[in-house]
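Here is the structure we will look at, set down as structure tokens.
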Amino acid sequence: MAIIITDECINCGACEPECPNNAIYEAAVDWKYSEGTALSGRIVNIDGVELDADDVQDPVSDEVYYIVPDKCTECKGFHEEPQCAAVCPVDCCVPDEDHVESEDRLLSKKAFLHAE
């Protein structure tokens, strides 16, 4: 499952540089699939959806830092635990019950995001 940042976030930014997928963004900041990944141009994601990795996407939150579920792999393939949760001083990086994923799916997502 992906990780979510709750509204208890104090906007300290400690989590953002720790994410190996560049899935964490400051509140109200647009994002792209291509940022921090090997993706560019027209792609088909692991769900079979075609999109442009370089297209600007709307922010997930306008109030606190947020995690893009399609880019979050819970750090599988990189670290033993989600690094955002490990460094968060207020413990607001928690499992997202709306985006439950198996370890195999998370590793597939990691391979997709960072294919060479």
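Let me have the 222 nm mean residue ellipticity of the chain computed from DSSP H runs of 4+ only, each contributing -39500 (n - 2.57), with the sum over all residues rounded to the nearest 500.
That calculation yields -3500 deg cm²/dmol at 222 nm.
Work out the FRET efficiency for S102 and V49 from their Cβ-Cβ distance, taking R0 = 25 Å, and round it to the nearest 0.05.
Working: r = 19 Å, r/R0 = 0.76.
Computed FRET efficiency for S102 and V49 comes out at 0.85.
At q = 0.12, 0.14, 0.17 Å⁻¹, work out log10 I(q)/I(0) for region 1-115 with the Debye formula, treating every Cα as an identical point scatterer and leaving solvent out; two decimals please.
-0.38, -0.52, -0.78
Taking the number of other C-beta atoms within 10 Å as the exposure measure, put R105, R42 in order starting with the fewest.
Values: R105 15, R42 11.
Sorted ascending by nearby Cβ count, the order is R42, R105.
Could you calculate the contour length gain from D62 to A86, that is, 0.36 nm times the residue separation minus the distance between their Cα atoms, to one decimal place in nm?
Numbers: separation 24, 0.36 × 24 = 8.64 nm, distance 2.36 nm.
Between D62 and A86, full extension yields 6.3 nm more.
State the Cα centre-to-centre distance between region 50-106 and region 14-43 in whole Å.
Cα centroid to Cα centroid, the span is 10 Å.
Given a Förster radius of 41 Å and the C-beta distance between V94 and R42 as r, what FRET efficiency does 1/(1 + (r/R0)^6) yield to the nearest 0.05?
Step by step, r from the Cβ atoms, then E = 0.75.
All of the numbers you see were taken from the coordinates with simple rules; none came from a lab. What you see is a predicted model, and the numbers here were worked out from it, not measured in a lab. Positions of Cβ are generated from backbone atoms using ideal geometry, with glycine treated the same way; all protein chains shown enter the neighbour counts.
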